[in-house]
Every structure is written in C-alpha cells, then in structure tokens.
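**Q** Would you mind keeping the following structure in view while I ask a few things?
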Amino acid sequence: MFHTPGCRNTSRDDSRQYQDAGVESVSTVVYLIRVNMGFMTLFLLSLNVTDAVLAQLLSVFLWATLVLYGGASLWWLIRVFILSYGWQDTNQTEVGFDNIQVRVLTIAAEETVQRTVSSIPDEIAESLVIAEEAIDIAGADVHVVPDDFECAAQRKGRAIEWARQQIPCEKEYVLYLDEDTLLSGFSGLPAADIIQLSEHPLRTHSRLTYVCEIFRIGFQFEQRAFHRVAYPAYAWGGAVAVRHELEEQITWNVPSITEDTTFIWRAADRVNLDYRLATVKARNQAPPTLKSLIKQRRRWVSGTIKDRDLLPRRYQPFVFSRIVIWALSPIIPLFGVIIFVFPEATPSSSAYLLLSALLFGIVFLYMTFGLVEYRKYPEVWWAYIVVTPLAVLVHSLGALWGIIQPIDDFEVTRKTAAIDTGSLEDRNPELREDESGYDTELETEPDEN
C-alpha cells in the first residue's frame with residue numbers, strides 16, 4: 001500500500017504556496033540559457049572594445065555559465081556514484097503476473113502493437129490495447145477512445161485517462177507500454193507505488209539517432225538514484241507500472257505534453273512516493289530520423305519547463321540539471337575556444353580552459369555508461385566515443401529549441417511498422433547476445449536520416 005497524504009505536503013494549498021516562488025529559481029536558469037547566444041553575439045561584436053566594465057560583465061557571464069554547468073554535472077556524479085547505492089536491493093519479482101494488468105497505448109499502429117502484445121508473457125491474463133482507431137490485435141482486447149471524450153489531459157494522457165475512467169481493473173498494478181515497447185525477460189515487478197522499467201532503445205533506420213540514444217541511456221544512469229529523492233526528475237511512460245489505487249487517487253486528468261513525468265511529480269506532491277527502477281529491459285524503437293529525435297527532445301524540455309510549478313522550490317535546480325547539461329554541453333567547449341583565442345576576455349583564462357575541458361569530458365562518461373548498458377563489445381567502443389560530440393550537439397539542439405521556443409502540443413513520433421522482428425534482430429545484435437554477454441557485431445545497413 002502506498003503511503004497516505006500527511007507524510008509530506010498535506011494539501012494542494014501548500015503546493016500552491018511554493019509554486020510562485022519555485023518559478024523564480026528555474027526561470028533564472030532558463031533565462032541564463034536563453035541569453036547565451038545573445039551574449040556570444042555581443043562578445044564577438046565587442047572583441048575590439050577595451051571598456052573595462054564590458055570586459056568584467058563578459059567575464060562574470062562566462063564564469064557564471066561554467067559554474068551553472070559544473071553544478072549540474074557535479075549533481076549528476078553524486079547521483080550516479082553515491083545516491084544510486086542499493087538501487088537493486090529489492091525483490092524484482094515480488095509482484096507476480098496475477099497482479100498486473102497491461103495496457104498498450106497506440107493511435108492505430110496495428111503491426112507495431114502486435115509485436116508488442118506478442119512480447120507480453122502469456123501468464124498475464126489481462127492484456128489490453130487502448131487505441132484511437134479500431135485495430136485487430138491477437139492476444140489482447142482492443143478498446144477505442146471515443147472521439148467525443150473530453151477531459152483536461154492531452155493526446156496520450158487523454159487516452160490513459162479515458163481508460164482509467166472506463167475500463168475496470170481489479171489488479172493491484174497497471175503496466176503501461178508504448179506501442180513499440182518489447183518486453184524482454186519480464187517476470188514480475190518490485191513492490192512500489194511506481195515502477196520504471198529500464199529503457200533500451202533499438203535501432204530502426206538512422207544509425208546516428210541510435211548512437212544518440214545510447215548516449216542518453218548512459219546519462220540516464222542517474223535514474224538509479226531516483227528512489228532516494230522525494231521527486232524523481234522524470235519518468236519514461238513507454239514502460240511504467242503504477243499502483244492502481246494510487247492512479248485512482250492522482251488521475252491523469254491534467255493538461256501536459258509530458259504526462260508521465262507530470263503524473264510522478266503530482267503523485268510525489270500528494271503521497272510519500274515509493275519509486276523503484278526495475279532491472280528488466282523494455283526495448284523500444286529509437287526515433288527513425290534526426291528531425292524526429294530533435295523534436296522529441298524539444299517536447300521533453302518544453303513539458304518540463306511548462307510543468308515546473310508542480311515542484312517545490314528546493315527541488316527545481318536538481319530536477320532541471322538535465323536541461324542545463326543538455327543545453328550547455330556544446331556551448332561550454334565553444335566558450336573555451338573563444339577564451340583560448342582571446343584570453344584577455346576573462347581573468348584566470350587558464351583555469352577556465354582547464355575546468356571547461358574537464359567538465360566537457362564528462363559527456364564521454366555518459367557515452368561509456370551507455371555502451372556498458374548496451375553491452376557493446378569493448379573493441380568497438382572507440383567508434384561511438386568519436387561521435388560523442390555529435391550526439392551532444394543533437395541533444396543540445398532539441399533542448400535549446402525547447403527553451404527558446406517551447407511548445408504546448410506535439411507530433412507523435414511514428415514507429416517503423418515495416419521492420420519485422422527478424423529485421424530488428426539484424427539491426428540490433430544485442431538481441432542475440434553470445435555467451436560472453438557482449439554485442440559482438442556491427443550494424444551494416446545504410447543510414448537513413
């Protein structure tokens with residue numbers, strides 16, 4: 001049973017009291033990132049200006065940006081190497097198949113959904129598909145969201161809320177899967193209020209988007225520390241289990257383009273949330289093109305910024321560290337290059353160069369962790385390490401776009417129905433691990449961006 005309200009944040013009025021104050025800290029961070037490009041332009045236009053005041057302002061800005069990025073990176077290191085301790089110290093199969101109802105969310109991707117449903121263990125008796133249009137799926141009951149259904153939630157959140165209201169559930173847990181999520185080695189769940197399955201994107205068409213996803217999964221090692229914080233920084237709705245009683249209390253009926261993260265923040269505001277990251281891998285599809293990946297990152301950042309008032313002020317800097325890292329990672333080395341060429345721009349230019357180089361080096365640690373998670377054969381690591389700066393740039397484009405021009409709606413990322421299970425295995429050798437446990441093959445198909 002989840003903990004009842006009263007352990008923390010006993011009323012919604014208490015939440016409202018810190019919302020306005022909470023906006024200030026994050027607004028400062030967002031504003032600083034937004035003006036980065038403006039200040040860079042100003043700097044380049046004023047290189048020949050010797051005004052001491054202007055030089056001092058530029059120096060303060062460059063160091064403030066470095067400190068902001070350094071603080072976010074330090075917090076990531078603390079989560080990964082200290083707070084993550086004991087993240088696996090739970091029974092991963094305490095909740096058996098008889099206590100789980102599966103709901104697969106889709107618009108109408110019949111072939112893709114069929115593969116997902118086929119990956120669900122036969123022992124799970126209740127497998128449902130929640131669709132926007134009628135489709136025929138073997139092994140699952142299909143429920144179509146009526147066009148005239150109205151609620152505050154948007155898109156996927158709307159479908160989940162309709163299912164919550166209309167479809168009975170006598171199981172203790174509801175496991176939500178995206179239409180392209182393939183369960184691998186799933187044998188149950190740890191007992192908690194919210195259980196996040198580990199994400200493992202598969203390659204579809206673009207090799208570069210696949211590399212970007214490996215980079216992101218390495219960064220998401222920080223999820224292993226989320227059970228130690230009151231407000232997990234984000235959630236992935238592609239494979240997340242929710243205690244049904246908690247879902248009934250919180251509901252999904254709020255406007256948001258990141259309904260999964262919004263739900264977990266609202267739940268943490270109402271109860272003493274018990275969160276767990278499951279070790280089982282849920283294999284979803286990487287975005288098929290760079291354009292779709294950048295738009296996806298833009299949506300994530302836009303939704304996080306839009307819903308920031310759900311968080312207490314003290315948690316906002318920690319939660320928004322991901323945005324800071326994604327947005328500033330390519331900017332920090334660029335500033336370093338500028339300082340190297342124009343050392344007179346800031347005092348202690350040597351110290352700035354050293355610190356910026358060390359901080360940028362952390363992005364290679366993200367990629368290394370991703371390679372470990374994907375069990376890539378060590379002899380091919382160099383090929384991924386070399387393209388890490390490009391993966392950093394792609395993430396930054398999406399993050400900066402979301403900061404500068406946030407959105408309130410989005411296009412659904414289309415999944416690749418044309419790729420059958422055999423082709424997925426051909427493009428993702430980790431699905432056929434050898435006895436050593438490593439992925440020993442390299443992809444050979446042409447890249448499509």
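Nothing in this text is a laboratory measurement; each read-out follows from the coordinates by a stated rule. The shown structure was predicted, so the numbers you read here are calculated from the model rather than taken from an experiment. Methodologically, a virtual Cβ is constructed for each residue, glycine included, from the backbone with ideal geometry; neighbour enumeration extends over all protein chains shown.
**Q** Largest first and in whole Å, what are the equivalent-ellipsoid semi-axes of segment 297-414 based on the Cα gyration tensor, each being the root of 5 times an eigenvalue? Kindly include the intermediate steps, with their values, before the conclusion.
**A** Values: eigenvalues 145, 106, 40 Å².
One finds semi-axes of 27, 23, 14 Å for segment 297-414.
**Q** Per Stokes-Einstein, at 25 °C and 0.890 mPa s, what whole-number D in µm² s⁻¹ belongs to segment 321-383, with the Kirkwood radius over Cα pairs as the hydrodynamic radius? Each step should come with its number before you reach the end.
**A** Details: Rh = 13.4 Å.
It diffuses with D of about 183 µm²/s by this estimate.
**Q** Quick one: the Cα spread of segment 247-291 along its three principal axes, in angstroms, biggest first?
**A** Result, largest extent first: 38, 29, 15 Å.
**Q** Any idea how far the Cα center of segment 58-137 sits from the one of segment 236-281, in Å?
**A** 11
**Q** What FRET efficiency would be calculated for the residue pair Arg313, Leu54, taking the C-beta separation as r and a Förster radius of 35 Å, to the nearest 0.05?
**A** Working: r = 33 Å, r/R0 = 0.95.
Plugging the Cβ-Cβ distance into 1/(1 + (r/R0)^6) gives 0.55.
**Q** Additional query: How much length would be gained if the chain were fully extended between Leu358 and Asn253, taking 0.36 nm per residue of separation minus their Cα-Cα distance, in nm to one decimal? Present the calculation step by step, with values, prior to reporting the outcome.
**A** Numbers: separation 105, 0.36 × 105 = 37.80 nm, distance 4.42 nm.
Extra length available between Leu358 and Asn253 comes to 33.4 nm.
**Q** Per residue and in Å³, how big is the convex hull formed by the alpha-carbon atoms of segment 192-342?
**A** Details: hull volume 20.6 nm³, N = 151.
Dividing the Cα hull volume of segment 192-342 by its residues yields 137 Å³.
**Q** Could you compute how fast segment 151-237 diffuses translationally, taking Rh as the Kirkwood radius over C-alpha pairs and applying Stokes-Einstein at 4 °C with viscosity 1.567 mPa s? Give it in µm² per second. Show your work: numbers first, answer last.
**A** Details: Rh = 15.8 Å.
Reported coefficient: 82 µm²/s.
**Q** What area, in nm² and to one decimal, does the C-alpha convex hull of segment 158-197 cast on average over all directions? If you can, show how the numbers build up before the last one.
**A** On the way: hull surface 15.0 nm².
That works out to 3.8 nm².
**Q** Let me ask you something else. Order the peptides 231-237, 400-406 from the highest to the lowest mean number of other Cβ atoms within 10 Å of their residues.
**A** Values: 231-237: 20.7, 400-406: 18.7.
So the peptides 231-237, 400-406, ranked by packing, come out 231-237, 400-406.
**Q** Where both partners of a DSSP beta bridge lie in segment 121-270, what percent of those bridges are antiparallel, to the nearest 5? Kindly include the intermediate steps, with their values, before the conclusion.
**A** Working: 8 of 12 bridges.
Percent antiparallel among DSSP bridges in segment 121-270 is about 65.
**Q** Return the Rg/Rh value of segment 71-191, two decimal places, where both radii are evaluated on C-alpha atoms and Rh is the Kirkwood radius. All intermediate terms of the calculation are to be shown ahead of the outcome.
**A** Values: Rg = 17.3 Å, Rh = 16.2 Å.
That ratio is 1.07, to two decimals.
**Q** Highest first, please rank the peptides 204-217, 158-171, 86-99 by the mean number of other Cβ atoms sitting within 10 Å of their residues.
**A** Numbers: 204-217: 22.5, 158-171: 17.2, 86-99: 14.4.
Answer by packing, highest mean first, reads 204-217, 158-171, 86-99.
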